[in-house]
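Notes to accompany the following structure.
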Amino acid sequence: MLELLKKSAVEQHTAIKNKEISAVELTKASLERIKTVDEKLGAFNSLTEETALETAKKVDEKIAKGEELPILAGVPLALKDNMNLVGSKTTASSKILENFVSPYNATATQKLLDNLIPIVGKANLDEFAMGSSNENSAFKKVHNPWNLNKVPGGSSGGSAASVASCEAALALGSDTGGSIRLPASFCGIVGMKPTYGKVSRYGLIAFASSLDQIGPFARTVEDAAALLEVISGYDKHDSTSLKLPVENYTSSLSYDIKGKKIGVVKELMVEGLAPDVQKAMQSAIDTYKSLGAEVVEISLPNIKHSIGIYYILATAECSSNLARFDGVRYGHRTADASNLMELYCKSRAEGFGPEVKRRIMLGTYALSSGYYDAYYKKAQQMRRVVTDDFLKAFSSVDVLIAPTCPNTAFDLGSKTEDPLAMYLTDIATIGANLAGIPAISVPAGFDSDGMPIGLQIMSPQLTEAKLFNFAYKFEQEHDYYKQLANL
Ligand code: GLN
């Protein structure tokens, strides 16, 4: 059965369709795998066995009746625990939401259910998706399946680890500054952030609303493309959702890229790049050249400011978004308050962890009167400048490439005392969030310790089909994606 769990989502779906296995059997196998390995990994906050089996049963009933199946029907999926699924606990890995049970489905979740994708559990994350290592979860750490002493990356560390360890073939994550791509690169799988507005954010617990975007994790590019087809589309519940038809990404994966132009981001290829990552990037460039693409160097002169911009804007937005957790409407309420102000203060002090508090304070400061112009307004202006850098770059190349992260997965505990060092992990990923463009991380080799390296590809807004095409062509030239963590 493990052999089947190791296969791609499309292959698993085909096995169900061909009646080699029933959807219920496959879902049970996934749940069994989780029960065997997750004690070591910590990828799941909770399992949603009943919902998963109910969905799987529907798939088998359809097969029995000879009915058509949606593209990924029957394939087990892990849902990041900041997305609502009716009846499940949606905790955002925070004590403040420890006992919060979803009263409604997120739009992305609803689409999974409509497409008969069994959701096996809620995946661990950094508290409120704030972090790069998953060590900010209030409940437990996630361990990297390739080396249990290393971090899986964050904030969607549980989603990435579950797919890399074959607990599930698919997962959803959210990406505000790199939270899908970074853990995908650390865990040796594919992770993709769509154009801002492609996937509805309704029912996703908001972190920084102008940057947040839900996206797919998978072990192959084809699987990720298929999953994005399932979850994307206009939604009237999200005012930033784009009114555009759902596209078919899987049909254009193998288009020829001969003569296409690729820009290597100059600023992301030098400073602080680990030698093994540098080598992998050179080899990626060679791969693209051998496919007939032209590779040139491109400058994004202001990308160096992206972390500074992000930590003003993201914290400002989160300080406002998280104001709703007041101990009154939902979530943790202090047992001991003698007036309303005390109720607010103590509930929040008891419920939020240290990183979340740090961000709320930073954001509140940046928005406070007298500082707004100096920080928030300036950061908004600089966001535009960075976006313009991307627009200019895309006027001369089809896609941009860079490492997903300057280094591979680091040791658990090695950066927890130094928030700045942790923030710097996202130097290569934040730009795509600021510019609202799609970006993907694909496996691009291993370092000398056997830890995975990720290649990041970025393309202009709403060119997901092109992005998947470039990612697929690269993937098919290597067997990195076939190598799995030994667990
Ligand atoms: N690591 C970044 C942060 O801590 C990005 C997180 C994310 O994308 N959700 O904010």
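By the gyration tensor of its Cα atoms, with a ≥ b ≥ c the square roots of the eigenvalues, what is the shape of segment 417-487: rounded for a/c under 1.5, prolate for a/b over b/c, or oblate? In terms of gyration-tensor shape, oblate. A straight line joining the Cα centroids of segment 383-439 and segment 100-176 runs 21 Å.
When the GluC sites (Glu not before Pro) in segment 266-372 are filtered for DSSP coil states and for at most 10 other beta-carbon atoms within 10 Å of their beta-carbon, the remaining sites are Glu271.
Shown here for segment 35-73: GluC sites (Glu not before Pro) in loop regions (DSSP other than H, G, I, E, B) with at most 15 other Cβ atoms within 10 Å, namely Glu67, Glu68. The coefficient of translational diffusion for the chain, derived via Stokes-Einstein from the alpha carbon Kirkwood radius under 20 °C and 1.002 mPa s, stands at 97 µm²/s.
Under the criterion of Cα pairs below 8 Å and six or more residues apart, the relative contact order for segment 418-487 equals 26 percent. Counting Lys and Arg as +1 and Asp and Glu as -1 over every other residue whose Cβ lies under 12 Å from the Cβ of Ser102, the net charge comes to +1. Can you flag which of Lys304/Lys392; Lys28/Lys111; Lys289/Lys415; Lys7/Lys28 are past 25 Å Cα-Cα? Where the Cα-Cα span goes over 25 Å, the pairs concerned are Lys289/Lys415.
Are there trypsin sites (Lys or Arg not before Pro) in segment 28-87 that DSSP puts in a loop and that have at most 11 other Cβ atoms within 10 Å, and which ones?
Values: sites: Lys28, Arg33, Lys35, Lys40, Lys57, Lys58, Lys62, Lys65, Lys80; in loops: Lys65.
Hits after loop and neighbour filter: Lys65.
Quick one: compute the contact order of segment 135-222, relative version, from alpha carbon pairs under 8 angstrom and 6+ residues apart, as a percent. Show your work: numbers first, answer last.
On the way: 168 pairs, mean separation 25.1, N = 88.
Reported as a whole number, the value is 28 percent.
Across the chain, the relative contact order, built from alpha-carbon pairs under 8 Å that are at least six residues apart, equals 17 percent. Specify whether the C-alpha gyration tensor of segment 204-248 places it in the rounded, prolate or oblate class, a ≥ b ≥ c being the square roots of the eigenvalues: rounded for a/c under 1.5, otherwise prolate if a/b is larger than b/c and oblate if not. Oblate shape, in that a/c is at least 1.5 and b/c is the bigger or equal ratio. Other residues lying with their Cβ under 15 Å from the Cβ of Arg333 contribute a combined charge of 0, Lys and Arg counting +1, Asp and Glu -1. Pairs of Lys residues in segment 30-101 that lie 8 or more places apart, or on two chains, and have C-alpha atoms under 27 angstrom apart add up to 15.
Which of rounded, prolate or oblate describes segment 60-100 when judged by the alpha-carbon gyration tensor and an a/c cut-off of 1.5? All intermediate terms of the calculation are to be shown ahead of the outcome.
Working: a/c = 5.20, a/b = 3.26, b/c = 1.60.
Cα axes put segment 60-100 in the prolate bin.
Throughout, read-outs are computed from the coordinates displayed, never taken from laboratory work. Worth saying up front: this structure is predicted, and the values here are computed from it rather than measured. For neighbour counting, all protein chains shown are included, and Cβ atoms are generated from backbone atoms with ideal geometry for every residue, glycine included.
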